[in-house]
Each structure stands twice: as structure tokens, then as C-alpha cells.
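One structure below.
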Amino acid sequence: MKFEDRLAHQVQATRGSVKKFVGRATGNSRLEAEGRREQARGNLKRAADKVRDAFKR
């Protein structure tokens with residue numbers, strides 16, 4: 001997996017975490033839910049990257 005892809009997936013997970021935090025702090029449930037979804041997608045992609053790397057070796 002390319003470094004840029006790994007970085008993009010980490011950024012997506014972090015961006016989701018920030019959105020979730022801001023949504024919770026402001027009481028915006030829609031933003032909080034969007035952040036949770038984005039964080040989950042990023043984490044899922046990161047897990048897939050790890051699985052791919054495990055089978056490459």
C-alpha cells in the first residue's frame with residue numbers, strides 16, 4: 001500500500017474524530033453522526049491496509 005493512501009486513510013479517521021468532537025461539544029447531533037461515520041470509514045480502510053500488508057509478506 002502506498003504511503004499516500006495510508007496517510008489519506010489516517011487523515012479521514014482523524015477528520016471524523018474532530019467532527020464527532022465538535023458535534024458533541026456544540027450539541028449538533030448531525031455533525032456528530034457524520035463524524036462517527038467518517039471516522040469509522042477511515043478506521044475500516046486502515047484495517048484493510050493492515051490486512052493487505054500482512055498477506056504481502
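The values are calculated or read from the model by the stated rules, or taken from the named source; none is laboratory data. Source: prediction; values computed, not measured. Heads up, the Cβs are rebuilt from the backbone with ideal geometry, glycines too, and the neighbour counts pull from every protein chain shown. Note: areas computed on protein heavy atoms with side chains; ligands, DNA, RNA excluded. Shrake-Rupley method; radii C 1.70, N 1.55, O 1.52, S 1.80 Å.
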So if I check each of PHE21, PHE55, which one is open to solvent by 60 Å² or more (accessible area, probe 1.4 Å), part of a helix (DSSP H, G or I) and touching a Gly at 6+ places or on another chain (Cβ under 9 Å)?
PHE21
Going by what's in this entry, would ARG36 be described as out of contact with any His (no Cβ under 7 Å at 6 or more places or on another chain), in contact (Cβ under 8 Å) with a residue 40 or more places away in the chain and among the basic types (Lys, Arg)?
no
Given the structure, is LEU31 surrounded by 16 or more Cβ atoms within 10 Å (Cβ to Cβ) and either touching a strand residue (DSSP E or B) at 6+ places or on another chain (Cβ under 9 Å) or free of Cβ contacts under 8 Å to residues at least 40 places away in the same chain (or both)?
yes
